[in-house]
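What follows is one structure encoded as structure tokens, with my remarks underneath.
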């Protein structure tokens with residue numbers, strides 16, 4: 001077989017699949033444009049997203065400090081990062097949870113579809129020997145909040161040949177910590193294939209409106 005034929009035609013990440021599912025279910029007039037903006041990586045402003053990113057960065061920084069010095073020392077009950085304040089004990093609890101984890105690990109794996117191979121990829125927040133974690137921040141948490149998310153399916157699919165079969169969302173509302181855990185199921189692969197094929201149809205139907213070609217893996221490779 002020609003090696004070129006094995007190259008992925010598309011590249012999808014978990015939150016893109018989440019955004020696509022939201023678009024399919026949404027009744028908002030702006031849903032199409034909002035999803036198109038997601039594909040095209042249009043700049044947007046979100047205080048909640050910025051706060052979540054700041055929290056993740058702070059946890060990684062404190063975890064590194066814990067690994068290097070064996071302890072964490074906070075001067076106050078709160079700690080600031082990028083304009084946001086967080087409870088010091090909460091940050092410390094996350095840091096201790098991930099003391100033996102590796103942060104921001106890139107994973108990828110090809111999945112075959114009827115339209116050709118698709119590369120599923122992403123950066124996992126924290127990776128341990130047998131478990132992968134994703135840090136979530138939210139204003140309000142209800143049990144099962146992330147059951148329909150694609151992140152755990154994507155990451156577990158990418159890692160399923162490594163012996164890692166468990167994914168945990170570690171969620172905080174900045175007062176409490178909640179844990180939501182999923183274990184790899186073979187049915188996830190079919191789920192991923194079907195949603196990928198739906199997204200491919202959307203992309204091809206709207207190819208002329210897509211300015212960021214990263215989703216088209218072959219075109220991106222040619223451009224490089």
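Read the figures in this text as sums done on the coordinates, not as results from a lab. As the structure is a prediction and not an experimental result, all values here were calculated from the model. Cβ atoms come from the backbone with ideal geometry, glycine included; neighbour counts cover every protein chain shown.
How big is Rg to Rh over segment 81-190, alpha-carbon atoms, Rh as the Kirkwood inverse-mean-distance radius?
Dividing the radius of gyration by the Kirkwood radius yields 1.01.
Build a GNM of the chain with springs between Cα atoms under 10 Å: which of 208, 116, 163 gets the top mean-square fluctuation?
208
List 162, 172 from most exposed to least, where exposure is judged by having the fewest other Cβ atoms within 10 Å.
162, 172
Once every Cα of segment 38-89 carries one equal point scatterer and solvent is ignored, give the base-10 log of I(q)/I(0) from the Debye formula at q = 0.20, 0.22, 0.29 Å⁻¹, two decimals.
-0.75, -0.85, -1.17
To check my understanding: the extent here is largest minus smallest coordinate of the Cα atoms along each principal axis. What are those three numbers for segment 1-120, in Å, largest first?
Principal axes ranked by extent give 58, 43, 21 Å for the Cα atoms.
Given R₀ = 30 Å, FRET efficiency for residue 161-residue 24 by Cβ-Cβ distance, to 0.05?
Once the sixth-power term is evaluated, E becomes 0.50.
If you take the beta carbon distance between residue 36 and residue 148 as r and set R0 to 25 Å, what does 1/(1 + (r/R0)^6) give as a FRET efficiency, to the nearest 0.05?
After rounding to 0.05, the efficiency reads 0.70.
What value, in deg cm²/dmol to 500, does the helix sum -39500 (n - 2.57) over DSSP H runs of n ≥ 4 give at 222 nm once divided by the residues of the chain?
Taken over the chain, the calculation gives -12500 deg cm²/dmol.
For segment 126-205, list log₁₀ I(q)/I(0) at each q in 0.15, 0.17, 0.24, 0.25 Å⁻¹, using the Debye formula over Cα point scatterers of equal strength and ignoring solvent, two decimals each.
Those come out to -0.60, -0.73, -1.08, -1.12, one per q.
Between residue 175 and residue 115, what is the FRET efficiency for a Förster distance of 30 Å, r being their Cβ-Cβ separation, to the nearest 0.05?
So the FRET efficiency works out to roughly 0.10.
Take the chain, connect every pair of alpha-carbon atoms lying under 10 Å apart with a spring to form a Gaussian network, then pick out the residue of 12, 32, 167 with the largest mean-square fluctuation.
Of the options given, 32 has the highest mean-square fluctuation.
What is the fewest-to-most order of 16, 199 by other Cβ atoms lying within 10 Å of their Cβ?
Result, fewest neighbours first: 16, 199.
Report, to the nearest 10°, how far helix 47-69 tilts away from the longest principal axis of the Cα atoms in the chain, using its own Cα long axis and a range of 0 to 90°.
60
So what is the relative contact order of the chain, in percent, for Cα pairs below 8 Å that sit 6 or more residues apart?
Result for the chain is 25 percent.
Quick check: Cα centre of segment 129-147 to Cα centre of segment 152-190, how many Å?
Each part's Cα centre sits 9 Å from the other's.
Could you run the Debye sum over the Cα atoms of the chain, one equal point scatterer each and no solvent, and tell me log10 of I(q)/I(0) at q = 0.09, 0.12, 0.13 Å⁻¹, two decimals?
Listed by q, the Debye log ratios stand at -0.42, -0.74, -0.86.
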